[in-house]
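Inspection log for the structure reproduced underneath, given as structure tokens.
Readers should treat all values here as calculations from the given coordinates under stated rules, not as data from a laboratory. Since the structure is predicted, the reported quantities are computational estimates derived from the model, not experimental observations. Note that each Cβ is placed from the backbone with ideal geometry, even for glycine, and that neighbours are counted across all protein chains shown.
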Amino acid sequence: MKELTKTSTSVEIKQYFNAILKLSKASEEFPVNLDEVWPLVYSAKNKAVSALKENFMEGVDYQSLNQKVERKIGATMKDEYFLSVPCLEFFIARKVRDVFEVYRQVFHKTAKKIENKDPMAMNANTLYNLRMKAVAWTAKMLNLSEESKLRMIQAVTEPLGLPSPNYVKSQGVMHSATYLLKERSNLISILQFNQKMIAAGYLEEKERPSKSKGTSRFKCLTEKGLIYGENEVCPKNALETQPHYYDDKFDELLEKLLVIQ
């Protein structure tokens, strides 16, 4: 579709929003290509991407894909970002009065004709409730640390101007297994460590759907493993975890794994 800019007319913007509405009705979860809408608000794409990552949740509000782009000579890889319709509203439309007026005409009037459960009928309260449910489900499924839960909650509340706690008590200093093994002269490789952790029931491998890879795999500490560390949200995707381990309990863990006597 045609890229929108600050000079786009109301007619052009409305045509674009109508096209997005059709895609969303066809069950397209992330129908908006960031490349087509960022010029409405931002002076450069990198500024738009930074704001998107800072204020919204990947896998819930947007999706990023690393795609191959053909050129006259060879090809290159390019990160592309696709937004959900609610993300389009709060990230782009509401920041420009004239654009939001057109958005409201297309989406909010349509919303009156359909059930409130339809994504197009989302008001701020509905969006907040759905995102908080997503946070709760993700936190439970991934056994997330308190700090990771807080960061996800803040990602929901801050764009809506809502208050949230800004501190949780830490259970101890943590680092990745790679770092802690290196501190101990790499007694075993990280691959061997993870294999022992899985065999002992402290760690498990989870999967999630990925458009670019088909299936993405990641590690997650089990309830049993949470004695020795916490599951942090992966910076690249909120639906994945990165286990971190308590510094003062890592030697005890290695003893349990029979790495050290």
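Points worth noting:
- The helices (runs of 4 or more DSSP H) falling completely within the stretch 1-72 include none with 3 or more residues that are polar (S, T, N, Q) and surrounded by fewer than 13 Cβ atoms within 10 Å (Cβ to Cβ).
- Any chance GLU28 is free of Cβ contacts under 8 Å to residues at least 24 places away in the same chain, closer than 23 Å to LEU239 by Cβ and not polar (S, T, N, Q): yes
- Test: residue in the stretch 236-246 that is among the basic types (Lys, Arg) and assigned to a strand (DSSP E or B): no
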